[in-house]
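Throughout, read-outs are computed from the coordinates displayed, never taken from laboratory work. Quick caveat, the model's predicted, so the values are computed rather than measured. Positions of Cβ are generated from backbone atoms using ideal geometry, with glycine treated the same way; all protein chains shown enter the neighbour counts.
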Amino acid sequence: TEIGAEKSCKFGNNIKGVRIDSGDLIEHAKKVRKILDKNGCEKVLIVASSDLNEYKIKEIIDKKVPIDIFGVGTELATSRDDPTISGVYKLIEYNEIPKIKVSEKKLTYPGKKQVYRVYNKGGQFKEDILSLENEPIPPNSEVLLIPIMKNGELITNLPNLDEIQDFYLENIKNLPDFYKKLEKIQVPRVEVSEKLQQLTDSLKFNYPTK
């Protein structure tokens, strides 16, 4: 790695950067930065990659390691710590009649629903509210469940990559800092509307568990 850095110095600042993709990234980066700076390549960036994830990147940043760009591949395209999502179909309405499942530890909320994201006065995320579909929109909130397909047809214009990125950046900006921590993770607050809870309780009363 260091030999490669020395060879790249003959190109001066004409090259954009050098990449470190194996070994001890922290130690290699420190040595490579010294080599580059010593040879007048202060503008050359250091790119690091090697099974990086958020925890390794945080360690590198906290130690003020001279790495400018992180290349994340495997950990971005996969979910190594939680690789599967358990999904089960549950009937919540039939012929416009709300339905409920009351099995132990498998209670479902009945009826067609909507989810509203509520923001505080500063425009930051406060909570999500699970409600019935026909309930009024809470103040300072936006609708999260939007129809995409109907009768097999696409009914919504799909965003392009730039729009997806802008949407992501805007949502991250509106997320309080305590939700962004890697340790002592706080679970976002989700509330159930009063009407949905009342409907759930009434149906539970009609179908008591043994």
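Take the Cα of Lys121, go 7 Å toward its beta carbon, and the backbone nitrogen atoms of region 128-143 under 18 Å from that spot belong to 139-141. Site-free segments of the chain were taken between GluC sites (Glu not before Pro) in DSSP loops having at most 16 other Cβ atoms within 10 Å, sites themselves excluded; the longest one is 43-95. Exposure proxy ranking for Lys90, Lys56, based on other Cβ atoms within 10 angstrom of each Cβ and starting from the fewest, stands as Lys90, Lys56. Two-decimal Rg/Rh of region 2-77 from alpha-carbon positions, Kirkwood Rh? Answer for region 2-77: 0.98.
Taking the square roots of 5 times each eigenvalue of the Cα gyration tensor of region 85-210, largest first, gives ellipsoid semi-axes of 30, 21, 15 Å.
Averaging the inverse of every distinct alpha carbon separation and then flipping it gives the Kirkwood radius. What is it for the chain, in angstrom units?
Final number for the Kirkwood radius of the chain is 22.3 Å.
Beta-bridge orientation, region 93-206: approximately 80 percent antiparallel, per DSSP, counting only bridges with both partners inside. By other beta-carbon atoms within 10 Å, ranking Cys41, Cys9 with the fewest at the front produces Cys9, Cys41.
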